[in-house]
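Step one of this worksheet: look at the structure below.
The values are calculated or read from the model by the stated rules, or taken from the named source; none is laboratory data. Because the structure is a prediction, the values reported are computed rather than measured. Note: ideal-geometry Cβ built from the backbone for every residue, glycine included; neighbour counts use all protein chains shown. With ligands, DNA and RNA removed, areas are computed over all heavy atoms of the protein, side chains included. Shrake-Rupley method; radii C 1.70, N 1.55, O 1.52, S 1.80 Å.
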Amino acid sequence: MPSLRLANLIDGRLQAPRQERWLEVFEPATGEVFAHCPESSFADVDAAVAAAVAAAPGWAATPSEQRARLLQRLADLIEARLDEFAALESRDSGKPLSLARSLDIPRAVSNLRYFAAAIVPWSSESHAMELGAINYTLRQPLGVVACISPWNLPLYLFTWKIAPALAAGNAVVAKPSEITPCTAALLGELSIEAGFPPGVLNIVQGRGPEVGQALVEHRDVKAVSFTGSTRTGAQIAAAAAPRFKKLSLELGGKNPAIVFADADLSDANLDTIVRSGFANQGEICLCGSRLLVQRSIYDAFRERYLAKVRALRVGDPREAATDLGALVSREHFDKVTGCIAQARAEGGRVLCGGDALALPGPLAGGWYVAPTVIEGLGPETATNQQEIFGPVVTLIPFDDEAQALAIANGTGYGLAASLWTTDLSRAHRFGAQLDFGIVWINCWLLRDLRTPFGGAKQSGVGREGGVEALRFFTEPKNICIRY
Ligand code: NAD
């Protein structure tokens, strides 16, 4: 099969990068190059921003019903090609095809539909004053905004950003991850078919330090919505601060799943706890990588948990029976296996997994790691403090609520926590004290798109989701009239 050659979307046209340079895109399942993505430069970014600047006033003046209609049309076009999108997403990222088909692509469609529906009834506030004046708030689009997304949920997170930005009336320049650029490129093609006016949505592919940084620094970009690592988030914050740009940062995590002795550990709940550690090879920012278990049930829990983890199948992402596919890149594979080696060096006992897996035939060059469970490491160890972002879970016993809370809150991150208990008072009490932007009780990854989404501490700044996203992508202006 010939290699796929992706294009940028600039001013409504698919374009090669001006310098004609390309990056190799790898298929994680085999380690082979299967596509080439534009290695864009400042000139491409500048052209995209110029197109967006030209398109922004017309798009802002377009009635919200019409903006919504175009977003709905794009959602329909993606949905009509769901199988193609899912296959491409799986091939590009190494995730199981079944997951791309059931989670990534349907969620991308939902993101577009949700914000299309949300923008139409969206209203703003008014505040009447007794002395005879009324204030009302206009929420106007910002103009040109940048949306920068990571590789772990490529189309899912790409649409999570562009949908509210476009719905709110902004022109967008978006940059998907250069590691997984394919589905965003296909979305770009479909946006032309959907009928978006030229320049309203631009997609510039390429490396983060070039394309991403150029977007963040560009004087005509008013806001940056970024999802990715805490390290890159800090660089973006440093570049944006002196330029006074609006920023939304969704960053890394080191999430706890906390299991109390009174938890309902039905088979289905235990399956969810396993999934919370290993879904998408553990490459979801919301995965619970620290599993805190109350000491009185620790041994019994561990045996049941390990039996389920050992039953997970690592294999060809295209096979329906595969639970875990390949890690996204050679570099990430090296990082995750390095973290496992570090855990061993810190004195951790590997209870299952712990190794890279060599699969047969065409998969021999792929980047597979067995689901790994480690115990015996204190909460302060590097393994329990640093984000690994792979199929690695550590087990940590605790005695009581106070100790569980101290361990759970005892990292620099604060993205998501999950809590397993049947004690209603404890659920409320403990949930309120967790220093995390998202707390799930007796569930995990149950997402309502209306809710605020984001992290505390080094997991981010600001919230996305629902009206939070629409607020981020608009500038409030208060108008006060005396009568
Ligand atoms: P990354 O920070 O390496 O890259 C993210 C994006 O930023 C990519 O498009 C990249 O090209 C771009 N980029 C890199 N350097 C840049 C720069 N200097 N300026 C502007 N853009 C730049 O992250 P990643 O490895 O792709 O993704 C994994 C990370 O994302 C993990 O830490 C994970 O926890 C985090 N994540 C967070 C959330 C969340 O909602 N909080 C969701 C998914 C992933």
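Listing for the model above:
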item	result
Residue tally, condition part of a helix (DSSP H, G or I), in contact with a strand residue (DSSP E or B) (Cβ under 7 Å, 6 or more places away or on another chain) and charged (D, E, K, R), over region 21-62	1
Pairs, first closer than 18 Å to residue 252 by Cα in region 423-446, second of a type in the set (Val, Ile, Thr), C-beta under 9 Å, six or more apart	434/258; 438/451; 444/272; 444/273; 445/272; 445/284
Residue check for residue 67: in contact with a Gly (Cβ under 7 Å, 6 or more places away or on another chain), open to solvent by 10 Å² or more (accessible area, probe 1.4 Å), in a helix (DSSP H, G or I) and more than 16 Å from the ligand (Cβ to nearest atom)	yes
Qualifying residues in region 12-61 (those that are polar (S, T, N, Q) and open to solvent by 10 Å² or more (accessible area, probe 1.4 Å)) - the one farthest from residue 202 (Cα to Cα)	30
Residues of region 190-217 satisfying the condition of being in contact (Cβ under 8 Å) with a residue 40 or more places away in the chain, over 22 Å from the mean Cα position of the chain (by Cα) and open to solvent by 10 Å² or more (accessible area, probe 1.4 Å)	192, 193, 195, 196, 197, 198
From 263, 300, 240, 268, residue being out of contact with any Cys (no Cβ under 7 Å at 6 or more places or on another chain), open to solvent by 10 Å² or more (accessible area, probe 1.4 Å) and over 27 Å from residue 369 (Cα atoms)	263
Residues satisfying the stated conditions in region 70-113, i.e. on the phi < 0 side of the Ramachandran plot, among the small types (Gly, Ala, Ser) and either open to solvent by less than 30 Å² (accessible area, probe 1.4 Å) or within 18 Å of the chain's Cα centre (by Cα) (or both)	75, 86, 90, 93, 100, 102, 108, 110
Which numbered condition residue 151 fails, given (1) within 16 Å of the ligand (Cβ to nearest atom); (2) surrounded by 24 or more Cβ atoms within 10 Å (Cβ to Cβ)	(2)
Criterion (farther than 30 Å from residue 114 by Cα, within 16 Å of the ligand (Cβ to nearest atom), at pLDDT 95 or above and of a type in the set (Ser, Thr, Tyr)) met by exactly one of 411, 451	411
Matching residues in region 406-436 - criterion: being open to solvent by less than 30 Å² (accessible area, probe 1.4 Å) and in a helix (DSSP H, G or I)	407, 408, 427, 430, 431
Residue list for region 437-483, filter: open to solvent by 20 Å² or more (accessible area, probe 1.4 Å), outside any strand (DSSP E or B) and farther than 30 Å from residue 140 by Cβ	442, 443, 445, 446, 458
Some residue of region 235-253 being modelled with pLDDT of 95 or more, within 13 Å of the ligand (Cβ to nearest atom) and β-branched (Val, Ile, Thr)	yes
Complete set of residues in region 377-405 that are open to solvent by 40 Å² or more (accessible area, probe 1.4 Å), in contact with a Lys or Arg (Cβ under 8 Å, 6 or more places away or on another chain) and among the polar types (S, T, N, Q)	385, 386
Options 225, 248, 289; residue that is crowded, with 20+ Cβ neighbours inside 10 Å, touching a Cys at 6+ places or on another chain (Cβ under 8 Å) and either in a strand (DSSP E or B) or of a type in the set (Asp, Glu) (or both)	225
Some residue of region 327-345 being assigned to a loop (DSSP other than H, G, I, E, B), touching a residue at least 24 places away in the same chain (Cβ under 8 Å) and open to solvent by 40 Å² or more (accessible area, probe 1.4 Å)	no
Test for residue 143: is it in contact with a Pro (Cβ under 9 Å, 6 or more places away or on another chain), surrounded by 15 or more Cβ atoms within 10 Å (Cβ to Cβ) and within 17 Å of residue 280 (Cβ to Cβ)	no
Close pairs from region 278-302: first within 30 Å of residue 157 (Cα to Cα) and within 13 Å of the ligand (Cβ to nearest atom), partner of a type in the set (D, E, K, R) and part of a helix (DSSP H, G or I), Cβ under 6 Å, at least 6 apart	none
Matching entry among 350, 373 (being of a type outside the set (D, E, K, R) and surrounded by 18 or more Cβ atoms within 10 Å (Cβ to Cβ))	373
